[in-house]
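Each value in this text was obtained by applying a stated rule to the coordinates, not by laboratory testing. Because the structure is predicted, anything quoted here is derived from the model rather than measured. No Cβ is skipped: glycine too gets one built from the backbone with ideal geometry, and neighbour counts run over all protein chains shown.
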Amino acid sequence: MDFAKNGESPGKNFTGIALVILLHVVIIYALLTGLARKVVEVIQKPVETVIVPEIKPDIPPPPPKPKPKMEVTPKTKAPPPPFVPPPEVKVNVPVQPTIAAVSHDAPPTHDLPPPSAEQPSAKAAPSNTAPTAVSSTCAKPEYPRQSLQDEEEGIVTLSFLISAQGKVVKADVAHSSGFKALDRAALNALSQCTFKPGTVNGEPQESSTKMQYVWKLE
């Protein structure tokens, strides 16, 4: 059998194999070259350093501090004030005014002629008398209430005229006590008085006199 006629020549087979090998070499070269470049590029790129923050475990917040308790002191009632007895009020008991006759004007007297030698005896001339107050009608007056409250004191001197019937006809304040209420009370009291009239030769006569009212608190 003639294999040279039926099959391909050995030179053609060698060429094909060489091409295949060359193709593989090119592919391998290309692959190697490209990969190397990529590796270089990867190496040449700046390395970025990333600091990974430390992950701290979640720590629960501290519990809140307890609020200080306010000590409530119980309110104590203030003790009642000590009992102080009220001061004793001394009431001045009014003293009834003193009625004092200061002076009086006695009626004029007539000089009688001396008895003659021929007359063995002569009748005694009747004495002249001054008017006097009848005590039952001339009582001590009451102290005026307002004067008592105001603690007024003083002496009132009254000058007045007494009729022959023993009545007060006219009265004036000869010397004031300094307080109108005391002066009025004295005049009022005098108007209620009855007098025994003064006499001249035994006969009742109109006469004038003076009287004091002493107003004094004790």
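From the backbone phi of the stretch 153-158, what are the Karplus-calculated ³J(HN,Hα) couplings (6.51 cos²θ - 1.76 cosθ + 1.60, θ = phi - 60°) in whole Hz, Gly and Pro given as x?
Karplus values, whole Hz, x for Gly and Pro: 9, x, 10, 10, 10, 10.
With θ set to phi - 60° and the Karplus curve 6.51 cos²θ - 1.76 cosθ + 1.60, what are the ³J(HN,Hα) couplings of the stretch 187-198 in order, to the nearest whole Hz, using x for Gly and Pro?
4, 4, 5, 5, 5, 8, 7, 10, 10, 8, x, x
Counting Lys and Arg as +1 and Asp and Glu as -1, what is the net charge of the other residues whose Cβ lies under 13 Å from the Cβ of T137?
On the way: positive: K140, K167, K196; negative: none.
Computed value for this residue: +3.
Give the long-range amide H neighbours of S208: residues separated by 5 or more places, or on another chain, with amide H under 5 Å away, using H modelled in the peptide plane at 1.01 Å from N.
D105, I162
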